[in-house]
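Asks: The structure follows.
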Amino acid sequence: VIAAQSALDECGTGAEVDSHGIEFYGYYSFDYSVDGEIAGMLSVNGTDGQVWFHTWHGEFIGEKEIE
């Protein structure tokens, strides 16, 4: 979470990382919000902390959780 928020802070957009990320093999993915609205997603490498933004998703439209 710290690496993800640090990367967002460097962008200067005022975005906040959602602390409830999803763990994958070797990395973690997080949504982030601007003004309380989901604005995008980023991932953090679990070993070296490298962060990458998921720019290929396009604009966030919605999300549905299926149990």
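Asks: Can you find even one residue in the range 7-21 that is open to solvent by 50 Å² or more (accessible area, probe 1.4 Å) and assigned to a strand (DSSP E or B)?
Replies: If we filter the range 7-21 for residues that are open to solvent by 50 Å² or more (accessible area, probe 1.4 Å), which is where we start, we get 9-14, 16, 18-20.
Those still in the list that are assigned to a strand (DSSP E or B) too: 16.
Taking every residue of the range 7-21 in turn, at least one turns out to be open to solvent by 50 Å² or more (accessible area, probe 1.4 Å) and assigned to a strand (DSSP E or B).
Asks: While we're here: Any residue at all in the range 31-50 that's assigned to a loop (DSSP other than H, G, I, E, B), at pLDDT 95 or above and in contact with a Leu (Cβ under 9 Å, 6 or more places away or on another chain)?
Replies: no
Asks: In the range 7-22, how many are out of contact with any Ser or Thr (no Cβ under 6 Å at 6 or more places or on another chain) and free of Cβ contacts under 8 Å to residues at least 12 places away in the same chain?
Replies: Count: 5.
Asks: Among the numbered conditions (1) at pLDDT 90 or above; (2) loosely packed, with under 10 Cβ neighbours inside 10 Å; (3) assigned to a loop (DSSP other than H, G, I, E, B), tell me where Glu67 comes up short.
Replies: (1)
Asks: Which of the residues that make up the range 8-17 are at pLDDT 95 or above and under 18 Å from Phe60 (Cβ atoms)?
Replies: Scanning the range 8-17 gives Leu8, Ala15, Glu16, Val17.
Asks: Which residues, counting only those in the range 30-47, are β-branched (Val, Ile, Thr) and loosely packed, with under 13 Cβ neighbours inside 10 Å? Write out each step before concluding.
Replies: Just the residues of the range 30-47 that are β-branched (Val, Ile, Thr), to begin with: 34, 38, 44, 47.
Thr47, the sole residue that qualifies.
The values are calculated or read from the model by the stated rules, or taken from the named source; none is laboratory data. Here the structure is a predicted model, which is why all the values come from computation and not from measurement. Ideal geometry is used to build each Cβ from the backbone, glycine not excepted, and the neighbour counts take in all protein chains shown. Only protein heavy atoms, including side chains, enter the accessible area calculation; ligands, DNA and RNA are left aside. Shrake-Rupley method; radii C 1.70, N 1.55, O 1.52, S 1.80 Å.
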